[in-house]
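All remarks here apply to the structure that follows.
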Amino acid sequence: MGELKVAWSRELPSEPSSVSIIKDAAGRYFVSFVVETTDEPLSECDTEVGIDLGLATFAVLSDGKVIESPRFFRRAERRLRRAQQNLSRKDKGSKNRAKARLEVVRAHARVADARSEWAHKHSTAIIRENQAVFVEDLCVKGVARTRLAKSVHDAGWGMFTRMLEEKAARYGRVLVKVDRWFPSSQLCSACGRVDGSKPLSVREWTCRGCGVVHDRDVNAARNILAAGRAEGRNACGEMVSLPV
């Protein structure tokens with residue numbers, strides 16, 4: 001393998017018990033160490049947040065904060081297409097085809113790395129700032145079978161929620177997944193009235209019960225927060241019912 005230039009991502013907390021060297025499809029080497037470490041829980045805080053995931057905007061939080069969708073694949077789509085077209089023109093078995101294939105793999109790796117880094121950054125911030133986090137238990141595989149498949153895969157909902165779950169367990173936070181059939185977009189977060197389903201083009205609506213004007217995504221995030229709190233209390237044995 002020869003000598004490799006090493007870029008350390010962090011200092012090792014203790015002496016490693018084993019070391020693994022991994023080479024990925026893009027020809028990059030990664031060194032993985034097994035070390036003994038203790039993760040101290042974060043200090044408790046009194047804030048909780050509900051998260052409504054989407055495609056137009058990646059996420060809207062119950063406190064009104066909006067996380068814009070980075071759309072890494074969409075932004076790199078032209079470059080990826082050119083690399084794929086260049087690969088298709090090369091003769092099978094040739095060295096030029098091997099080089100072109102490597103360029104395609106590296107282009108996809110850059111997109112995946114950027115998406116992963118972005119998800120780590122935002123999931124860490126959410127876990128640090130909130131004692132409890134509530135999200136919908138989305139069926140990503142089901143949505144990915146629709147005409148929105150490319151956008152769904154580009155958003156990376158599954159990876160983001162998995163990171164939230166892992167970091168919550170590591171740092172002593174609470175993560176609750178709300179039932180995917182909960183009508184978060186149909187329910188008025190002010191009076192609890194179910195106002196009926198609405199097409200995705202409707203971004204703002206007025207409750208016919210109390211007259212409150214709702215932003216679709218913020219209202220859904222607030223409903224997810226309320227439903228998650230109810231489910232969390234119910235798990236502790238209290239009699240709690242969701243608003244209808």
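The values are calculated or read from the model by the stated rules, or taken from the named source; none is laboratory data. Just so you know, these numbers come straight off a predicted model, no measurement behind them. Glycine gets a Cβ as well: all are built from the backbone with ideal geometry, and neighbour counts include every protein chain shown.
Looking at (1) under 22 Å from LYS167 (Cα atoms); (2) without any contact (Cβ under 8 Å) to a residue 60 or more places away in the chain, which is the one condition that is false for ARG81?
Unmet for ARG81, out of (1) under 22 Å from LYS167 (Cα atoms); (2) without any contact (Cβ under 8 Å) to a residue 60 or more places away in the chain: (1).
Output the strands (runs of 3 or more DSSP E) that fall wholly within region 8-61 and possess 2 or more residues being farther than 16 Å from ILE126 by Cβ and out of contact with any Leu (no Cβ under 9 Å at 6 or more places or on another chain), or say none. Full working, then the answer.
Details: elements: 18-23, 29-34, 48-53, 57-61.
In region 8-61, the matching strands (runs of 3 or more DSSP E) lie at 18-23, 29-34.
Does region 192-206 contain any residue that is of a type in the set (Gly, Ala, Ser), over 18 Å from VAL60 (Cα atoms) and either surrounded by 14 or more Cβ atoms within 10 Å (Cβ to Cβ) or in contact (Cβ under 8 Å) with a residue 40 or more places away in the chain (or both)? Spell out the reasoning first.
Of region 192-206, the ones of a type in the set (Gly, Ala, Ser) are 192, 196-197, 201.
Filter once more, so that each one left must be over 18 Å from VAL60 (Cα atoms): 192, 196-197.
Narrowing further to those that are either surrounded by 14 or more Cβ atoms within 10 Å (Cβ to Cβ) or in contact (Cβ under 8 Å) with a residue 40 or more places away in the chain (or both): 192.
Yes, region 192-206 contains a residue that is of a type in the set (Gly, Ala, Ser), over 18 Å from VAL60 (Cα atoms) and either surrounded by 14 or more Cβ atoms within 10 Å (Cβ to Cβ) or in contact (Cβ under 8 Å) with a residue 40 or more places away in the chain (or both).
Could you list all residues from region 90-138 that are within 23 Å of the chain's Cα centre (by Cα), part of a helix (DSSP H, G or I) and among the small types (Gly, Ala, Ser)?
Across region 90-138, the qualifying residues are ALA107, ALA109, ALA112, ALA114, SER116, ALA119, SER123, ALA125.
Out of SER62, SER17, report the one residue that is more than 23 Å from the chain's Cα centre (by Cα), of a type outside the set (D, E, K, R) and modelled with pLDDT of 90 or more.
Values: SER62 fails: more than 23 Å from the chain's Cα centre (by Cα).
Only one candidate qualifies: SER17.
Can you give me the number of residues within region 174-200 that are farther than 21 Å from VAL140 by Cβ, outside any strand (DSSP E or B) and of a type in the set (A, V, I, L, M, F, W, C)?
3
Determine whether region 138-147 contains at least one residue that is in contact with a strand residue (DSSP E or B) (Cβ under 6 Å, 6 or more places away or on another chain) and either of a type outside the set (D, E, K, R) or touching a residue at least 60 places away in the same chain (Cβ under 8 Å) (or both). Before you say what the answer is, go through the steps one by one.
Taking region 138-147 and keeping what is in contact with a strand residue (DSSP E or B) (Cβ under 6 Å, 6 or more places away or on another chain), we get none.
No, there is no match, as no residue in region 138-147 is in contact with a strand residue (DSSP E or B) (Cβ under 6 Å, 6 or more places away or on another chain) and either of a type outside the set (D, E, K, R) or touching a residue at least 60 places away in the same chain (Cβ under 8 Å) (or both).
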